Structures are given as C-alpha cells and as structure tokens.
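The values are calculated or read from the model by the stated rules, or taken from the named source; none is laboratory data. Because the structure is predicted, anything quoted here is derived from the model rather than measured. Backbone-built Cβ (ideal geometry, glycine too); neighbour counts: all protein chains shown.
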Amino acid sequence: MPPSDQDWANIGSMSAVGCHANPGATSAQAPLCQHLRCYVNYSTTLSKNITSMIKMVILRNVAIEYTASKVTPGKALMKDEHLYACIEDILLQNEFQGEIVTTKHLLKALSSSLCNAKDWDGHRKDRDGQRKDQ
C-alpha cells in the first residue's frame, strides 16, 4: 500500500542540518528536498543516486508497490508523489557521467531503481538461494 498523506507529512517534516534550501520547492517539499540534496553523489550513476534517495525515505515493501510512470494494475505511480517531485527538483538538469539529466533519463533510472527494489535488504541473496535449490 502506498504511503498515506500522513506518512508524506511526516517525511516532509524532516529537517537536514547543513544543507541549503531550494527556493523553488514548495513549503511541504522543502525539508525533504534539503535532506535528500545532502546525499547526491555526482561521481556515481543516476540510478544509484535515485536508489539511495528512495531507500532513505521509504522501505523495500513500500517501494515494490510503485512503478515509475507506466500505469500498472495494483501499483501506484511514483511520478505522482512528493518524493518524485523532490528527486526531480534535485537531479534534473545536473550532469551524471557526462550526460545532462532529462525527464526521460530520470524516469528510466527511477524505473530501474523501483524494479530492483525487490532485491533490496538482502532479498537478492534469498532469490539466488531459491534458484539453486530448484
């Protein structure tokens, strides 16, 4: 089940020490954006940055309930959430590995991150073990 409005309100109330506010963010998004902005690593891939941002805010079992942008039965759209707006605000038009991030790049990397959420927190090892047993 996707996070409720109250869950997002709790996330939005987080504050980060030593980060700069983003003047373009809405008041509800500003603390979350500030918090996530501190953890951007421009020397790694866009997908890894998105994955690390998502992992800071939501758990694996919540992440697997989302799809990036394509409507899928039983899944919510991440691009409609406040978290995506913050990620977009932070990463769009920045350069990762020599490429300027566009909305298309962002959604592709987000899709990759969400598809791999099933393997977070040691669950890849569990799946690999099941394959060997068969």
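A few remarks follow.
- Index of the failed condition, Ile11 passing every other in (1) modelled with pLDDT of 50 or more; (2) within 14 Å of the chain's Cα centre (by Cα); (3) not in a loop (DSSP other than H, G, I, E, B): (1)
- Here the condition is being at pLDDT 95 or above and under 16 Å from the mean Cα position of the chain (by Cα); of Lys108, Lys79, Lys118, it holds for Lys108 alone.
- Residues in region 59-78 that are among the polar types (S, T, N, Q) and either part of a helix (DSSP H, G or I) or surrounded by fewer than 15 Cβ atoms within 10 Å (Cβ to Cβ) (or both): Asn61, Thr72.
- Only one of the numbered conditions (1) surrounded by fewer than 18 Cβ atoms within 10 Å (Cβ to Cβ); (2) of a type in the set (D, E, K, R); (3) touching a helix residue (DSSP H, G or I) at 6+ places or on another chain (Cβ under 9 Å) is not met by Glu95, and that is (3).
- Residue match in region 49-58 (condition: in a loop (DSSP other than H, G, I, E, B), at pLDDT 90 or above and either surrounded by 13 or more Cβ atoms within 10 Å (Cβ to Cβ) or not hydroxyl-bearing (Ser, Thr, Tyr) (or both)): yes
- Of all residues making up region 67-107, the number that are small (Gly, Ala, Ser) and without any contact (Cβ under 8 Å) to a residue 40 or more places away in the chain: 2
- Cross-chain or 6+ apart pairs with Cβ under 7 Å, region 111-125 first and of a type in the set (A, V, I, L, M), then in a loop (DSSP other than H, G, I, E, B) and surrounded by 13 or more Cβ atoms within 10 Å (Cβ to Cβ): Leu114/Ala68; Ala117/Ile64
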